[in-house]
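Taking it in order: structure first as structure tokens, then the write-up.
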């Protein structure tokens, strides 16, 4: 089904496989206005694609939510975020996939569409703020799969490990600010302090 305003050739991969150890509870099910973060993310991202994937090794936890997504497990559980991106990208129906974490409450569709528009002749489109990259707010081509697999087989877990093998388009701070001046897109929830900050931002 064609989604009005959707990005052609783009799937969406939502990673929900974190252990949430520092937070002490499943971050995907933290609620904002009675709505779990995972549902909030899915509802927003359906505007971008007709192919949404949630990468989780606990499908039974998500099935009662009846989300318009495909639930895909890690090809090898317990390996880390690179395996999550790899597994979601491998399952994607389109040539490119936007990969985001499930605990990002302030995803900015205009910024994401802009990033999707930059994929020509690139394998990865990723935000860079000073020396910091945002690999769980990035677009990956299926052309990345062989490189990802090579680095996974070498024992690497960091998402950016395979970047030497591919063409990368970095999205700089000046570009990001055109759509998201405060860079709220990259706020996520790893600790109770992070969750308190999210609630403060919502109240303000």
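The values are calculated or read from the model by the stated rules, or taken from the named source; none is laboratory data. Since the model is a prediction, treat every value here as computed from it, not as a measurement. Note that we place each Cβ from the backbone using ideal geometry, even for glycine, and neighbour counts take in every protein chain shown.
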Next on the checklist: Given the criterion touching a helix residue (DSSP H, G or I) at 6+ places or on another chain (Cβ under 7 Å) and farther than 25 Å from residue 190 by Cβ, identify the matching residue among 93, 142, 169.
Outcome noted: 142
Checklist outcome for this item: In segment 44-66, anything touching a strand residue (DSSP E or B) at 6+ places or on another chain (Cβ under 8 Å) and more than 23 Å from residue 82 (Cα to Cα) is listed as 46, 63, 65
Item to check | Residue in segment 185-198 that is farthest from residue 120 (Cα to Cα), counting only those that are assigned to a helix (DSSP H, G or I) and touching a strand residue (DSSP E or B) at 6+ places or on another chain (Cβ under 8 Å) | outcome: 198
Next on the checklist: Please go through segment 67-90 and give me each residue that is more than 16 Å from residue 139 (Cβ to Cβ) and touching a strand residue (DSSP E or B) at 6+ places or on another chain (Cβ under 8 Å), ordered by number.
Outcome noted: 67, 68, 69, 70, 71, 72, 73, 74, 87
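Just to confirm my filter: which strands (runs of 3 or more DSSP E) fall fully inside segment 90-184 and include at least 2 residues that are modelled with pLDDT under 95 and surrounded by 21 or more Cβ atoms within 10 Å (Cβ to Cβ)? Talk me through it step by step, then tell me what you get.
Values: elements: 96-101, 124-129, 137-141, 168-171.
Qualifying strands (runs of 3 or more DSSP E): none found.
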Checklist entry - Is segment 28-38 home to any residue that is surrounded by fewer than 18 Cβ atoms within 10 Å (Cβ to Cβ), in contact with a strand residue (DSSP E or B) (Cβ under 6 Å, 6 or more places away or on another chain) and closer than 21 Å to residue 159 by Cβ? => result no
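Results for (1) in a strand (DSSP E or B); (2) modelled with pLDDT of 95 or more; (3) over 19 Å from residue 191 (Cβ atoms); (4) out of contact with any helix residue (DSSP H, G or I) (no Cβ under 7 Å at 6 or more places or on another chain), shown as yes or no for each residue.
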position	(1), (2), (3), (4)
11	yes, yes, yes, yes
19	no, no, no, yes
50	no, yes, yes, yes
57	no, no, yes, yes
78	no, no, yes, yes
84	no, yes, yes, yes
